[in-house]
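Here is the structure we will look at, set down as structure tokens.
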Amino acid sequence: MTKTILATGGAGYIGSHICYELLAAGYQVVVLDDFSNSSAESIKRVARLTNGAPVLIKGDVRDAAILDHVFSENRIDAVIHLAGVKAVGESVQNPQKYYDINVSGSVNLFGSMQRHGVSNVVFSSSATVYGIPEISPLTEDMPANPLNPYGQTKLMVENILRDMTAANPHWRSLLLRYFNPVGAHASGQIGEDPNGIPDNLFPYIAMVANKKQPKLNVFGDDYDTADGTCIRDYIHVVDLARGHVKAVDYLLSDRATDNSAEMVNLGTDQGSSVFQVLKAWEAACGFEIPYRIAPRRAGDAPAYYADSRRAKALLGWQAEYDLARMCADHWHWQSKNPDGYGK
Ligand code: NAD
Ligand code: UD1
């Protein structure tokens, strides 16, 4: 029988790619999203691309009545919980918003799952929980030390979910720690659509490539790395989305055990510097991306990348796409949709 997955925040950047991959893999999908950082257009496009019929419900994960409605109207086999806010700087300015949406929203969701006997959940966590690591690659057992309220909310929800999974009969959970998701679906129909001027490297370069910003500010070229710029583990959003299909396959199989909550890194296990990213973007666009060296950004770690061996062993997943493909697909989406979904 077809299994049904609830994706909270499923209309967003990562969620829309997950919905595509779930539908392509034969799952039915229900999306709950308040559209505070997305629009229904992404899911309409996913439906067109897959010939699927995802169910789309507008609502806030902090609203218990909406959640109870979603779980009583749909037989949900597993939840992928993406809904939340994610801007590090804003979380420092307005921590209450972050604890409310990310933590209270999650507690509310897990409470509704309990009431409706839904016991499988995948949570969108982040490599940001590792703070500023001194060595790489990062394995899941390395200490967590988030440096800002956003990172704190991710770690808190991991801990809450671990406790709830241990306490509730048949609960199984996966806490997926994403490294730096970038890129877009190969169709160029869905992709990242940030509000205003983005803080993150790929969407910022995309704006420069689209002549919406004059140049990229490279935040520091005096780090102790080969070319002086920071190193991150960028992962294609399609690889990341496929990791979620594997995660759900796993939770619903007899490979998973009840009351287990596993932390799993999703990265490529390779680091790329800001200058390497810039070069790869120039190759993808076929023209130069203007840049200037700017001061270091507060709170930036010099370098880190994942060890994703656990994802391979547990889920049978590993990333396939390289940096060239990430840039090509990101640019394909952004050049076809310079105003995103046009909201
Ligand atoms: P996104 O903003 O595109 O998606 C989040 C979605 O959640 C949006 O569609 C938004 O409208 C929705 N949402 C926000 N608050 C809500 C609420 N109260 N109720 C219902 N829906 C709500 O972000 P994304 O990049 O797709 O990230 C998805 C998840 O992955 C987030 O939890 C984020 O913290 C996590 N994550 C993202 C990254 C990244 O770099 N993008 C890295 C690590 C982890
Ligand atoms: C940031 C968040 C992290 C989140 C991740 C999602 C911080 C401190 N961390 O990580 O919580 O999970 O995004 O992808 O914000 N850079 C520039 N110029 C720019 C933008 C970025 O040089 O205009 C550099 C940064 O200094 C960094 C690299 O590019 O070295 C990547 O930056 P970014 O895309 O913001 O990701 P992170 O900082 O790794």
Self-check item: Matching entry among VAL218, VAL277, VAL245 (being under 29 Å from HIS81 (Cβ atoms), touching a residue at least 24 places away in the same chain (Cβ under 8 Å) and buried (at least 18 other Cβ atoms within 10 Å of the Cβ))
Solution: VAL245
Quiz item: In the set PRO169, PRO203, which member is surrounded by fewer than 21 Cβ atoms within 10 Å (Cβ to Cβ) and within 16 Å of ligand 1 (Cβ to nearest atom)?
Solution: PRO203
Quiz item: What strands (runs of 3 or more DSSP E) completely inside region 12-88 contain at least 1 residues that are surrounded by fewer than 24 Cβ atoms within 10 Å (Cβ to Cβ) and of a type in the set (Val, Ile, Thr)?
Solution: 28-33, 55-58
Quiz item: So ASP233 clears everything in (1) near ligand 2 (Cβ under 10 Å from one of its atoms); (2) at pLDDT below 95 except one condition, right? Which one?
Solution: (2)
Practice problem: From (1) closer than 30 Å to VAL208 by Cβ; (2) out of contact with any Asp or Glu (no Cβ under 6 Å at 6 or more places or on another chain); (3) polar (S, T, N, Q), pick out the condition that doesn't hold for SER253. | Solution: (1)
Self-check item: Members of region 185-207 that are within 14 Å of ligand 2 (Cβ to nearest atom), modelled with pLDDT of 95 or more and small (Gly, Ala, Ser)
Solution: ALA206
Practice problem: Evaluate the following for ASN108: is it out of contact with any Asp or Glu (no Cβ under 9 Å at 6 or more places or on another chain) and closer than 25 Å to THR8 by Cα? | Solution: no
Practice problem: Give me a count of the residues in region 46-99 that are more than 23 Å from LYS3 (Cβ to Cβ) and within 14 Å of ligand 1 (Cβ to nearest atom). | Solution: 19
Self-check item: Checking MET164 against (1) within 15 Å of ligand 1 (Cβ to nearest atom); (2) surrounded by 17 or more Cβ atoms within 10 Å (Cβ to Cβ); (3) without any contact (Cβ under 8 Å) to a residue 60 or more places away in the chain, the condition it does not meet
Solution: (1)
Quiz prompt | Where a residue in region 29-47 is free of Cβ contacts under 8 Å to residues at least 40 places away in the same chain and its partner, wherever it lies, is of a type outside the set (A, V, I, L, M, F, W, C) and within 13 Å of ligand 1 (Cβ to nearest atom), with Cβ under 6 Å and at least six apart | solution = VAL31/GLY10
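So that you can scan it fast, the table gives a plain yes or no per residue for (1) modelled with pLDDT of 95 or more; (2) in contact with a strand residue (DSSP E or B) (Cβ under 7 Å, 6 or more places away or on another chain); (3) more than 18 Å from VAL157 (Cα to Cα):
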site	(1), (2), (3)
VAL30	yes, yes, yes
ALA40	yes, yes, yes
ALA65	yes, no, yes
ASP68	yes, no, yes
ARG75	yes, yes, yes
VAL79	yes, yes, no
ALA83	yes, yes, no
ALA87	no, no, no
GLN96	yes, no, no
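The values are calculated or read from the model by the stated rules, or taken from the named source; none is laboratory data. Keep in mind the model is a prediction, meaning the values are calculated, not measured. Virtual Cβ from ideal backbone geometry, glycine too; neighbours counted across all protein chains shown.
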